[in-house]
Amino acid sequence: GKQEQPGTIQLYNRNMSRDENERQAMLTDLREAIAGRRLSLVYQPQFDSFSQELTGCEVLLRWHCPKRSFVSPAEFIPLAEANNLMSAISAFVVEQASLELQQSGLLGQQVQRVSVNVSAMEFSNPALMENLLTRLRANESLYPYLQLEITETAALSDLGGSVKLLAELRRQGLKFSIDDFGTGYSSLMMLKELPIDEIKIDRAFIHDMLDQPKAIAIIETLASVARKLGISVVAEGVETEEQLQRLKDCGCHEVQGYLLARPMKIAEFVTFLQRGSPS
Ligand code: C2E
Ligand code: CA
Ligand code: CA
Ligand code: CA
């Protein structure tokens, strides 16, 4: 490693690009934030498209770093993956979600399904998965309501292994959703092979549906195939009434997006649910 030779550190630093310097600085701050439990969670409700009743929620991680204000998980999760921090992050997510949802009184009451994101690297790494599962089992009250969101790419890296793993974990009571569905190269094969409970149609399709008839045709087909296979369909990134209407016409039974509700802190989620479903 570079740090074994003190004389080379300076040279390395000088040659590092600004991006690389910033990456290292962010990594240091992220490590401290994890250790100090200064990450937080928000919950985004999911609804039945037709009745507008709550069907579940997705847990999303937030990092409000004092130095850099808001850092997107799309930015810091890959950094965590590359630096062996995913287990610590997932442990935080599972424990904090379990705590907040229980203390709020929502768990098992208004909230019957809690979706947690599993990163691609975590899903395809047996040691990381074992860590995650241990953590999930330790949080007994959350466990029965859990659904894990994985991506097609993660499942594809070892399809045979994924099929076995999913089958076994579903026997143990966990539910699975395929996130960003339709963005992979073999989505239909995934649908055919993987034992799953739900697909989440990627928001790119929802975004395109109003001006691209092809996007509507694809959503309609996915919803129909999934229904025949007994798999739930959630449309993500629903931002307009028109999209919602079209999604209903497509037979898409569940929706998530800014139109219905933004991701919110647990206290806001409680208030939101006290006021009743949007409509
Ligand atoms: P994702 O799993 O696809 O999550 C959905 C993203 O869409 C979230 O972004 C959410 O805030 C955003 N979103 C929700 N409704 C709308 C909408 O109507 N329009 C638009 N444009 N966006 C909407 P967020 O929270 O920034 O998360 C980004 C990604 O970071 C997530 O994508 C997920 O891959 C990852 N991530 C977030 N939290 C976690 C976590 O706890 N663990 C892991 N492994 N990954 C996470
Ligand atoms: Ca997700
Ligand atoms: Ca997604
Ligand atoms: Ca995504």
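When you check MET189 against the structure, is it closer than 23 Å to LEU60 by Cβ, more than 16 Å from ligand 2 (Cβ to nearest atom) and either in a helix (DSSP H, G or I) or touching a Pro at 6+ places or on another chain (Cβ under 7 Å) (or both), yes or no?
Judged against the criteria, MET189 is not a match.
Could you look through segment 174-192, keep only residues that are away from ligand 4 (no atom under 16 Å from the Cβ) and closer than 15 Å to ARG227 by Cα, and pick out the one that is surrounded by the most Cβ atoms within 10 Å (Cβ to Cβ)?
Top of the filtered list is LEU191.
Looking at ARG227, ARG171, ARG262, can you tell me which residue is touching a residue at least 40 places away in the same chain (Cβ under 8 Å) and surrounded by fewer than 18 Cβ atoms within 10 Å (Cβ to Cβ)?
ARG262
Check whether at least one residue in segment 196-208 is modelled with pLDDT of 95 or more, within 13 Å of ligand 4 (Cβ to nearest atom) and acidic (Asp, Glu), and report yes or no.
yes
Please enumerate the residues belonging to segment 104-131 that are touching a residue at least 12 places away in the same chain (Cβ under 8 Å) and in a helix (DSSP H, G or I).
ALA120, MET121, GLU122, PHE123, LEU128, MET129, ASN131
What's the number of the only condition in (1) more than 30 Å from LEU54 (Cβ to Cβ); (2) touching a residue at least 60 places away in the same chain (Cβ under 8 Å); (3) among the hydrophobic types (A, V, I, L, M, F, W, C) that LEU79 fails to meet?
(2)
Name the residues in segment 34-56 that are surrounded by fewer than 19 Cβ atoms within 10 Å (Cβ to Cβ) and either over 15 Å from the mean Cα position of the chain (by Cα) or assigned to a helix (DSSP H, G or I) (or both), would you?
ILE34, ALA35, GLY36, ARG37, ARG38, ASP48, PHE50, SER51, GLN52, GLU53
Please determine whether any residue of segment 241-259 is within 11 Å of ligand 1 (Cβ to nearest atom) and on the phi > 0 side of the Ramachandran plot.
Looking for residues that are within 11 Å of ligand 1 (Cβ to nearest atom) and on the phi > 0 side of the Ramachandran plot, one finds at least one in segment 241-259, hence yes.
For residues that are buried (at least 20 other Cβ atoms within 10 Å of the Cβ), among the hydroxyl-bearing types (Ser, Thr, Tyr) and either more than 8 Å from ligand 1 (Cβ to nearest atom) or not in a helix (DSSP H, G or I) (or both), tally how many sit in segment 57-103.
Total satisfying the criteria: 1.
Give ARG37, ARG31 a once-over and let me know the one that is modelled with pLDDT under 95, among the charged types (D, E, K, R) and away from ligand 1 (no atom under 13 Å from the Cβ).
None of the other options fit; the residue is ARG37.
Does SER115 satisfy the condition of being polar (S, T, N, Q), within 21 Å of GLU152 (Cα to Cα) and more than 9 Å from ligand 1 (Cβ to nearest atom)?
Details: polar (S, T, N, Q): yes; within 21 Å of GLU152 (Cα to Cα): yes; more than 9 Å from ligand 1 (Cβ to nearest atom): no.
So SER115 does not fit the description; no.
Out of (1) within 16 Å of ligand 3 (Cβ to nearest atom); (2) modelled with pLDDT under 95; (3) over 21 Å from LEU247 (Cα atoms), the odd one out for LEU148 is which?
Exception for LEU148: condition (2).
The values are calculated or read from the model by the stated rules, or taken from the named source; none is laboratory data. What you are looking at is a predicted structure, and each value in this text was computed from that prediction instead of being measured. FYI the Cβ positions are ideal-geometry reconstructions off the backbone, even for glycines, and counts take in every protein chain you see.
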